[in-house]
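Structure first, commentary second.
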Amino acid sequence: MEIKELLYEGKAKKVYATDDPAVLLVDYKDDATAFNGLKKGTIAGKGAINNRVTNYMMRLLEKEGVPTHYVEELSERKTLVKKVSIVPLEVIIRNISAGSFAKRFGVEEGIVFAEPTIEFSYKNDELGDPLMNAYHAIALSLATREEIETIKAMAFKVNEVMKAFFKKLNVDLVDFKLEFGRLPDGTIVLADEISPDTCRFWDSETHEKLDKDRFRRDLGNVEDAYKEMMKRILGE
Ligand code: TMP
């Protein structure tokens, strides 16, 4: 597989073309941002951890019947994925109150919901990724009604698989963000990443935060939290 031109550089990843027009290469960086890029920093070793953790989760989800963009892990930080057209929605599932949910509704963090919630935000940095509902997404032709239904069902399925998986690692899956893409034939697949950057993980006993909130909130021991999650997930 030959690596060709850089197509896109995001906050945490670079995406390159390859000699296969249906396949892209993702290269994970140690750069971290928060609050729509207002806060910037680096988390040493993050790129390698997020690459390996994401790929582990994608393989697990594929085994459980969730189609993903994953193709092959090439090295510590580099992975081949299927080229998709990204649905410009951030799909957020929550099991426990935290973050913007707690802030928006004026409640404490840590309320365990009877049922998971789902919400969408419009992937648009200029607008600060505003919250939107399914009708707004359909009105703006970001996705069709059928695609939204597929995305919802897949997101809840991902939640069930991940909740059970993390429970065994003594980790509560508080909330997470997913992105979906379309293959050339229109099939919706899970894309982007699943990592401590995009999930909230709390130790089930101590409730210690083991995710990017340590960076967002200046809690210290950021690298250790990422390493701890990699150790629990990959056993190393
Ligand atoms: P929130 O509580 O700030 O809305 O975040 C919900 C989840 O989504 C949390 O696990 C972190 C993740 N997330 C991202 O992956 N990217 C983002 O840009 C934001 C704001 C949140």
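Values in this text are rule-based calculations from the coordinates and carry no lab data. Keep in mind that this is a model prediction, so the values were computed, not measured. Every residue, glycine among them, receives a Cβ derived from its backbone with ideal geometry; neighbour counts consider all protein chains shown.
Backbone phi angles across the range 18-27, fed through the Karplus curve with coefficients 6.51, -1.76 and 1.60 (θ = phi - 60°), yield HN-Hα couplings of 10, 6, 9, x, 8, 10, 10, 10, 9, 10 Hz in residue order; Gly and Pro are listed as x. Per residue, the Cα convex hull of the range 15-77 amounts to 112 Å³. Using bins of 5 Å that start at zero, the share of Cα-Cα pairs per bin across the range 47-112 amounts to 4, 13, 16, 17, 16, 14, 12, 7, 2, in whole %. Considering the chain as a Gaussian network with a 10 Å cut-off on Cα pairs, which listed residue, Leu24, Leu140, Leu60, attains the greatest mean-square fluctuation? Looking only at Leu24, Leu140, Leu60, the biggest GNM fluctuation is shown by Leu140.
Shown for the range 1-141 is the translational diffusion coefficient from the Stokes-Einstein equation, using the Kirkwood radius over Cα pairs, a temperature of 4 °C and a viscosity of 1.567 mPa s: 74 µm²/s.
Placing one equal scatterer on every Cα of the range 86-150 and applying the Debye formula, the log10 ratio I(q)/I(0) at q = 0.13 Å⁻¹ is -0.41. Once you have a ≥ b ≥ c as the square roots of the Cα gyration tensor eigenvalues for the chain, tell me rounded if a/c is under 1.5, and otherwise prolate or oblate according to whether a/b is larger than b/c. Here the chain falls in the rounded category. Using amide H atoms built in the peptide plane, which far-off residues or other-chain residues are under 5 Å from Thr68 H to H? Counting only residues 5 or more places away or on other chains, the set is Leu190. For the range 155-227, what class follows from the C-alpha gyration tensor (a ≥ b ≥ c being the square roots of its eigenvalues): rounded when a/c is under 1.5, otherwise prolate if a/b is larger than b/c, else oblate? Verdict is oblate for the range 155-227.
Can you pick out the pairs among Lys46/Lys157; Lys11/Lys212; Lys157/Lys177; Lys168/Lys209 whose Cα atoms lie more than 24 Å from each other? Over 24 Å Cα-Cα: Lys46/Lys157. Once you have the Kirkwood Rh of the range 75-124 from its Cα pairs, apply Stokes-Einstein at 37 °C and 0.692 mPa s and quote D in µm²/s. The calculation lands on 243 µm²/s. Considering amide H positions built from the backbone, and no H for Pro or chain starts, which residues 5 or more places from Ala32, or on another chain, come under 5 Å of its amide H? Result for Ala32 returns Gly41, Thr42, Ile43. Relative to the Cα centre, the charge distribution of the chain, modelled as +1 at Lys and Arg Cβ and -1 at Asp and Glu Cβ, gives a dipole magnitude of about 220 debye.
Reported to the nearest whole Å, the Cα centre-to-centre distance from the range 178-236 to the range 55-87 is 15. Shape of the range 78-190 from the C-alpha gyration tensor: oblate (a/c of 1.5 or more and a/b not above b/c, with a ≥ b ≥ c the square roots of its eigenvalues).
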